[in-house]
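Take a look at the structure set out below.
The values are calculated or read from the model by the stated rules, or taken from the named source; none is laboratory data. Everything numeric in this text was worked out from a predicted model, so none of it was measured. Methodologically, a virtual Cβ is constructed for each residue, glycine included, from the backbone with ideal geometry; neighbour enumeration extends over all protein chains shown.
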Amino acid sequence: MTHLTGRELIIYIMSNKLENEEIIKDGVMVGLISEEKVAAKFGVGLGTVRAWVTLGKLKGIRVGNELMFLNNITDPRKN
């Protein structure tokens, strides 16, 4: 799995003006979406999302047992 780097997290926080905002709520970082929501967002199945992660086309982070993505993630087919 590809991991979200600290630099990418900082850029996300700064780009979305979250410096003074609560970013963790109910144990999950605000602005993260599940792999199910990513699949729905891009109109693909979970297997495709997982394959893209394995191939390094999507970057996600593991939160407990969940694979999560930044909510502004872009479709890897458009990169």
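I'd like the full set of residues that are exposed (fewer than 10 other Cβ atoms within 10 Å of the Cβ) and of a type in the set (D, E), limited to region 12-42.
E19, E22, D26
Tell me, which residue of region 43-68 that is at pLDDT below 90 and surrounded by 14 or more Cβ atoms within 10 Å (Cβ to Cβ) is farthest from L9 (Cα to Cα)?
L67
Does E66 qualify as being in contact with a helix residue (DSSP H, G or I) (Cβ under 6 Å, 6 or more places away or on another chain) and touching a residue at least 24 places away in the same chain (Cβ under 8 Å)?
no
I need every pair where a residue in region 41-57 that is without any contact (Cβ under 8 Å) to a residue 40 or more places away in the chain has its Cβ under 6 Å from the Cβ of a residue that is exposed (fewer than 15 other Cβ atoms within 10 Å of the Cβ) and part of a loop (DSSP other than H, G, I, E, B), sequence separation at least 6 or different chains.
From residues that are without any contact (Cβ under 8 Å) to a residue 40 or more places away in the chain, the pairs are F42/D75.
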